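The values are calculated or read from the model by the stated rules, or taken from the named source; none is laboratory data. Since the model is a prediction, treat every value here as computed from it, not as a measurement. As a convention, Cβ positions derive from the backbone with ideal geometry for all residues, glycine included, and neighbour counts pool all protein chains shown.
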Amino acid sequence: MATNPKVAIAGVGEARGGRATGKTTVQLYAEAFLDLLADCPIDPASIDGVLTSSPDAEPHHMFSTWLTEYLGLRPRFTSAVQMGGATPHSNMALAAALVESGRCRAVMVADGDNRASKFSRQDKVQAMSSQVGHLSSIEPPHEFDGPYGPTAPALYGMMATRHMYEYGSTPEQFARIAVTFRAHGALNERAQLRKPVTVEDVLASPVIAWPLHRDECALISDWGSAILVTTPEYASTLRRDPVYLLGLGQAHQGYNPYQAPSITSFPIRESADEAFAAAGINRDEVDVLELYDSFTSTAMVTLENMGFCGAGEGGAFVEAGNIDLGGSMPTNTHGGLLSYNGGHGHFIVEATRQLRGECGERQVADAKIAVSQGTAALASSSITLVLGT
């Protein structure tokens, strides 16, 4: 294990999101910021870096600069990044570089959007199309596929059908992932969906894009999250139990899903290998896993590609209870995108809280190493973080 970490997480915060809150995007960011300050007693004037996502529901020119003005911050460095579901993880990598270089001492990585409040039902359908390769446009090469209206669920449904074809996985095995994450969400008072479901319930929910059902698709939510990244030395002055960034890895193969050589094998493995090597750990040393689960198919291929089970073994791995609390690899302990909310930064927040032992009924006993992974562009981009105490 890495014995001299150079970057630490000193605090985390979240907005009360989920279903439509009626709040603006910057209000959700502000709520997460205030929650961060309650968690970590830093003087806001000491925050000298701010990294944000680029909101979809309420886009704004120079968003990160606009947000810092709203929050009353004067950072030395700020930027708004767009890396899809991997945006907070990408910003964590940038924050680590800023801290290690000495450019900044305390960087806030923030993420938020008010999709549930801002988007109409039709807006949500359109967003699922336009966010995946801007497939609704007529710019090359999408003049060929755009007219057919491919959406995010359709593309991830193709991933599931290909997995079923290649490996013999079943709809019941995919549904078992949704059942597990809902069980975890049921233990989380902040989760958007908390009512337990069965495999039969999942398969009886409406088909969105065969073979994916409604309960196998990420939620559309309002959300906000904030993470304070700093040096271990400074973190120790802010709280007694900072969490350390032990390793990170990135891998990217492209943007257009139709150019991918495979839709069951992805750079997820490369990003995980790099992160584990940097942290000096083996996969069996990981205590808790928080992975991007936009659909059950995403979670299935991510478990396999990260190396927690072999290619084609994800279905059996899930059915055996390995991703459950108490299993060999407790996964998405807060409920994930399928049950907690549709945000992205909460994976890192949950990993941090698990390592601090703050998760109550869903706490993984004696958790010392947590992995948080973010995915974008039909899993063609992956960023993996290894966190530890």
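Miscellaneous remarks
- Residues of segment 161-176 that turn out to be within 19 Å of Ala204 (Cβ to Cβ) and either among the charged types (D, E, K, R) or without any contact (Cβ under 8 Å) to a residue 24 or more places away in the chain (or both), as a count: 2
Matching residues to (1) at pLDDT 95 or above; (2) among the small types (Gly, Ala, Ser); (3) in contact with a Cys (Cβ under 9 Å, 6 or more places away or on another chain); (4) more than 22 Å from Ala116 (Cβ to Cβ):
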{"position": "Phe174", "(1), (2), (3), (4)": "yes, no, no, yes"}
{"position": "Ile177", "(1), (2), (3), (4)": "yes, no, no, yes"}
{"position": "Phe181", "(1), (2), (3), (4)": "yes, no, no, no"}
{"position": "Leu187", "(1), (2), (3), (4)": "yes, no, yes, yes"}
{"position": "Leu193", "(1), (2), (3), (4)": "yes, no, no, no"}
{"position": "Leu212", "(1), (2), (3), (4)": "yes, no, no, no"}
{"position": "Ala235", "(1), (2), (3), (4)": "yes, yes, yes, yes"}
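- Candidate set from segment 1-30 (those that are under 16 Å from Ser117 (Cα atoms) and buried (at least 23 other Cβ atoms within 10 Å of the Cβ)); member that is modelled with the lowest pLDDT: Gly17
- Residue count, segment 247-276 (criterion: in contact with a strand residue (DSSP E or B) (Cβ under 7 Å, 6 or more places away or on another chain) and among the small types (Gly, Ala, Ser)): 6
- Any hit, segment 232-241, residues being polar (S, T, N, Q), more than 19 Å from the chain's Cα centre (by Cα), within 25 Å of Glu358 (Cβ to Cβ) and buried (at least 20 other Cβ atoms within 10 Å of the Cβ): no
- For Leu94, the requirement of being at pLDDT 95 or above, over 30 Å from Asn282 (Cα atoms) and not aromatic (Phe, Trp, Tyr) is not met.
- Test: residue in segment 34-48 that is closer than 27 Å to Ser381 by Cα and at pLDDT 95 or above: no
- Scanning segment 190-224 for residues that are crowded, with 16+ Cβ neighbours inside 10 Å, farther than 30 Å from Gly13 by Cα and among the β-branched types (Val, Ile, Thr) yields Val199, Val202, Ile208.
- Among the residues listed as Gly336, Gly312, the single one being within 16 Å of Ala191 (Cα to Cα), of a type outside the set (Phe, Trp, Tyr) and touching a residue at least 60 places away in the same chain (Cβ under 8 Å): Gly336
- Just so you know, in segment 56-104 the residues that are in contact (Cβ under 8 Å) with a residue 60 or more places away in the chain and among the polar types (S, T, N, Q) include one that is nearest to Lys6 (Cα to Cα), and it is Ser90.
- Selection from segment 35-66 of residues that are under 25 Å from the mean Cα position of the chain (by Cα), among the polar types (S, T, N, Q), surrounded by fewer than 19 Cβ atoms within 10 Å (Cβ to Cβ) and part of a helix (DSSP H, G or I): Thr65
- Criterion: more than 30 Å from Gln122 (Cβ to Cβ) and touching a residue at least 40 places away in the same chain (Cβ under 8 Å) - qualifying residue of Asp215, Asp287: Asp287
- Whether a residue is over 14 Å from Ala32 (Cβ atoms) and assigned to a loop (DSSP other than H, G, I, E, B) was assessed, and Glu69 does not pass this test.
- Screening the candidates Ser169, Ser101, Ser137 for the property of being at pLDDT 95 or above, of a type in the set (Ser, Thr, Tyr), surrounded by fewer than 18 Cβ atoms within 10 Å (Cβ to Cβ) and at negative phi yields one hit, Ser101.
- When segment 248-284 is limited to residues that are touching a residue at least 40 places away in the same chain (Cβ under 8 Å) and of a type in the set (D, E, K, R), the one that is nearest to Asp145 (Cα to Cα) turns out to be Glu270.
- Flag not set for Gly342, criterion: free of Cβ contacts under 8 Å to residues at least 24 places away in the same chain and farther than 19 Å from Met92 by Cβ.
- Every listed requirement among (1) in contact with a Gly (Cβ under 6 Å, 6 or more places away or on another chain); (2) surrounded by fewer than 19 Cβ atoms within 10 Å (Cβ to Cβ) is met by Val107 save one, (2).
- For segment 16-46, a residue qualifies if it is more than 17 Å from Ala106 (Cα to Cα) and either aromatic (Phe, Trp, Tyr) or touching a His at 6+ places or on another chain (Cβ under 7 Å) (or both), and exactly one does: Tyr29.
- Residue within segment 198-209 that is touching a residue at least 60 places away in the same chain (Cβ under 8 Å) and of a type in the set (Gly, Ala, Ser) present: no
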